[in-house]
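J.: First the structure, which I've put down as structure tokens, then a few questions once you've had a look.
The values are calculated or read from the model by the stated rules, or taken from the named source; none is laboratory data. Since the structure is predicted, the reported quantities are computational estimates derived from the model, not experimental observations. Heads up, the Cβs are rebuilt from the backbone with ideal geometry, glycines too, and the neighbour counts pull from every protein chain shown. Side chains included, ligands, DNA and RNA excluded: accessible areas come from the protein's heavy atoms. Shrake-Rupley method; radii C 1.70, N 1.55, O 1.52, S 1.80 Å.
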Amino acid sequence: MATSVRRTTLTLPAAPVGPASPLPAVRAPGDIHRVELPAGQDLPPDMARQLTYAPLDSLLPVGIRDGYGRTRTETTLDALVIENDRLRATVLPGLGGRVHSLHHKPTGRELLYRNPVLQPANFALNGAWFSGGIEWNTGATGHTTLSCAPVHAASVPAPDGGEMLRLWEWERLRNLPFQVDLWLPEGSDFLYAGVRIRNPHLHAAPVYWWSNIAVPEDEHTRVLAPADEAWHFGYEHTLRHVPVPESGGTDRTYPLRSEFPADYFYGIPDGDRRWIASLDATGHGLVHTSTDTLRGRKLFLWGAGRAGRRWQQWLTEPGTGGYAEIQAGLARTQLEHVRLEGGTEFAWLEAYGPLAADPAVVHGGDWAAARREAGDRLEARLPRAEVDAAFAAWRPYADADPKETLATGSGWGALERARTGHDLPGTPFAESTLGPDQHPWLALLHTGDFPRGSGVPVAPLVSAPWRDLLESAPPGPGTDLHLGIAQWHAGDRAQAVRSWERALAHGTDCRPLYCLAVAEETAGETARAAQRYAEALACVPDDGPADATEHIAPLLPALVRAAVPALLAARRPGEAAAALDRLPPATRTDGRLALLTAQVALAEGDAAAARAVFDHGFEVPDLREGDEVLSDTWYAVAERLTAGSAPLTEAARTKARTEHPLPERYDFRMRAV
């Protein structure tokens, strides 16, 4: 069977991803990947340098994706299939180019963890993400902002004369294009992925890449890699050097033998072949290998503890099998960014396929023998030299023009091409892809001003060239708002505040006030931030205009969600309660707003009412990875119920935790507490 690329559809129970937040992402991103190195920690020099190189301090220009819920309905998704007589890979171009399935025909085995549902959750850098399959993570530490976004796709010629499936997009956090070429040589048991990240600019740029592979997990699953040591990262923000396979008295290569979620970044010696495999009780499973540019290998495990199991249920259907992730990246750890000089590129080849090894050796007590057995079986199935040769064969085809367009991504690459004239062979960003988010910026580029009467564009641009254009443009609501956003991203906070204050004078909507409120919060001015939020709430009508756009209608609930915590911090619970009361009943059923209702009741001294919210039950659809707000609020309520109006003592705290144990449905803690 000749390799083919074709369109198809896939039907899954899915919760819609929903719209992006109407508020600019000027808040600092979460810090779950912050590293606190112990004193005297001895790190390899390149690792130490890359751990502190260009960490992400803003999500701009990307917006937050938080418009999803947890109600799933049967949904038909566009999909692309690449297959030969041995393998069939199913790809979702509308969801970051995720490889949803990798089916090995001779054995009938599904090599990946194939999630039976599509349930967005707050794991991507900008919110919406879902579990399962192979995801292509680029941009900065964490899951890509493209997790639930469309990418471009086309068929292109393959090195053996067949077809490849090309995925490509313009990544906005680092302002860089990337591509993934999926290729199945005729008769091969391995899916090849040729990956390229280009820096078309004159300046250097920080680069991040990790290919994350979800694999089925049970008590017999073992993850093997050619390493005797690893760097362990947990949700305590520490990075520790540990032995492999056993640390703390437990063999950590079996994901379900750990209690809490954790990352293990394997230290593969320089010169050794780079691979990682997940094998079951019979010695069967998936192996991943690559050319040497893709240096890192990692195991992510949820662990067998209550919270880890809760997260697994949260991301899929209760009662279905769990998963772990084996991963491969450009650096030793996911906490690093690698410098890419202007006008250069990173390129490599990955291979994904089935592996069968002797289970007695794989699961034996001799780690060296176990990993040698897996490595030898890999070499017999797919020699290292063959991967290097396939990479060399692919390189001339990376610039090949697409034969047939199969899916369309965003227009941001086309906008950058319009500004710079960059020539990017193989990854055309056609003018036809420009859409409503890009049109105001295109007008700024061509006329020097935002078009009047077109409203304020929601999607900002913050790079230095666009900031220069904004600074040269005539004042106006769009110009001043977005100039402030660009200045904020550049670290010029005082100028950003002045720009947002000018935007207010143009009679624009509440967004400049929201930005000013965030600026006050960032500066630690709690009372002033609360006042700004109150002013922003006051300028949003309870009932939007009849012609309210999709960007205007959600402003009130989004602003209430941001304002209530600030009002509580400023000890203004009455105003926080009034803000919640402005929302229509249908909106207030949202789990995040239910949590805020409980927090407001507690702040007003009504712990019983706060507890009633928990007893009634709610779910926070966009609960952030590592966020302990549910357990923290539960115990705060329990402590006040126990102590009453008396001062809270340590004895009362202990009694509260004993008498009011945290229900499992609210336990998402990813560390020992």
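J.: When ligands, DNA and RNA are left out and all protein chains stay put, how many square angstrom of accessible area per residue does the range 454-608 have with a 1.4 Å probe? Could you put the intermediate results ahead of the total?
T.: Numbers: 6600 Å² over 155 residues.
Using a 1.4 Å probe on heavy atoms only, each residue of the range 454-608 averages 43 Å².
J.: Moving to a separate point now. Would you please put 647-657, 399-409, 570-580, 127-137 in order of how densely packed they are, using the mean number of other Cβ atoms within 10 angstrom per residue and starting with the highest?
T.: Packing proxy ranking, top to bottom: 127-137, 570-580, 399-409, 647-657.
J.: Then there's this: Placing +1 on the Cβ of each Lys and Arg and -1 on the Cβ of each Asp and Glu in the chain, which of Gly421, Pro185, Pro402 has its Cα farthest towards the positive end of the resulting dipole?
T.: Gly421
J.: Could you report the range 1-127's accessible area per residue, 1.4 Å probe, as an integer in Å²?
T.: It amounts to 42 Å² per residue over the range 1-127.
J.: To the nearest Å, what is the center-to-center distance of the range 431-481 and the range 556-586, using C-alpha atoms only?
T.: Centre-to-centre distance over Cα atoms comes out at 32 Å.
J.: Counting only protein heavy atoms and using a 1.4 Å probe, what share of the accessible area of the range 231-329 belongs to carbon plus sulfur, as a whole percent?
T.: On the range 231-329, the fraction of accessible area on carbon and sulfur atoms equals 48 percent.
J.: Follow-up. Just to confirm, what accessible area per residue do you get for the range 259-311 at 1.4 Å probe, in whole Å²? List each step's numbers first, then the result.
T.: Values: 1400 Å² over 53 residues.
About 26 Å² of surface per residue is accessible.
J.: Once you have a ≥ b ≥ c as the square roots of the Cα gyration tensor eigenvalues for the range 78-210, tell me rounded if a/c is under 1.5, and otherwise prolate or oblate according to whether a/b is larger than b/c.
T.: Oblate shape, in that a/c is at least 1.5 and b/c is the bigger or equal ratio.
J.: In addition: Between His237 and Thr9, what is the spin-label point distance in nm, taking each point 7 Å from the Cα along the Cα→C-beta axis?
T.: The two pseudo-label positions are separated by 4.8 nm.
J.: Which is farthest toward the positive dipole end of the range 143-212 among Val207, Ala158, Ile197, measuring Cα position about the Cα centre, with Cβ charges +1 (Lys, Arg) and -1 (Asp, Glu)?
T.: Result: Val207.
J.: Let me know the charge dipole size of the chain about its Cα centre in debye, to the nearest 20, where only the beta-carbon of Lys, Arg (+1) and Asp, Glu (-1) is charged.
T.: 440
J.: Once the piece of chain linking Glu341 and Thr76 is laid out straight, how much longer is it, given 0.36 nm per residue of separation minus the C-alpha distance between them?
T.: 91.2 nm
J.: Put a dot 7 Å past each Cα toward the Cβ at Glu317 and Ala430; how far apart are the dots in nm?
T.: It is 3.8 nm.
J.: Take the solvent-accessible surface of the protein heavy atoms, probe 1.4 Å, and return the percent of it on the range 106-202 that carbon and sulfur atoms account for.
T.: 50
J.: Could you tell me what percent of the DSSP beta bridges with both partners in the range 88-198 are antiparallel, to the nearest 5?
T.: 95
J.: Then there is this: When the chain is fully extended, how far beyond the present Cα-Cα distance does Thr526 get from Glu659, taking 0.36 nm per residue of separation?
T.: My answer for the length gained is 44.5 nm.
J.: Given the chain, what percent of its DSSP beta bridges are antiparallel, to the nearest 5?
T.: Approximately 95 percent, going by the DSSP bridge assignments.
J.: What size of dipole, in debye to the nearest 20, comes out for the range 166-215 about its Cα centre when the only charges are +1 on Lys and Arg C-beta atoms and -1 on Asp and Glu C-beta atoms? Don't skip to the answer; put the middle values down first.
T.: On the way: 5 positive and 5 negative charges, 66 e Å.
Dipole magnitude for the range 166-215 comes out near 320 debye.
J.: How big is the chain by the Kirkwood estimate over distinct Cα pairs, in Å? Could you put the intermediate results ahead of the total?
T.: Numbers: mean 1/r = 0.0377 Å⁻¹.
It works out to 26.5 Å.
J.: A further question on this structure: Roll a 1.4 angstrom probe over the protein heavy atoms and tell me the percent of accessible area of the range 467-523 that is carbon or sulfur. Walk me through the intermediate numbers first.
T.: Details: 1040 of 2140 Å².
Reported share for carbon and sulfur atoms: 49 percent.
J.: Along the Cα→Cβ direction, 7 angstrom out, place labels at Asp468 and His506. What is the inter-label distance in nm?
T.: 2.2
J.: Same structure again: Using only helices, what value at 222 nm comes out for the chain when you add -39,500 (n - 2.57) per DSSP H run of length 4 or more and divide by the total residues, to the nearest 500 deg cm²/dmol?
T.: -9000 deg cm²/dmol
J.: Out of the DSSP beta bridges found with both residues in the range 1-139, what percent are antiparallel (nearest 5)?
T.: If I count the DSSP bridges inside the range 1-139, around 95 percent turn out antiparallel.
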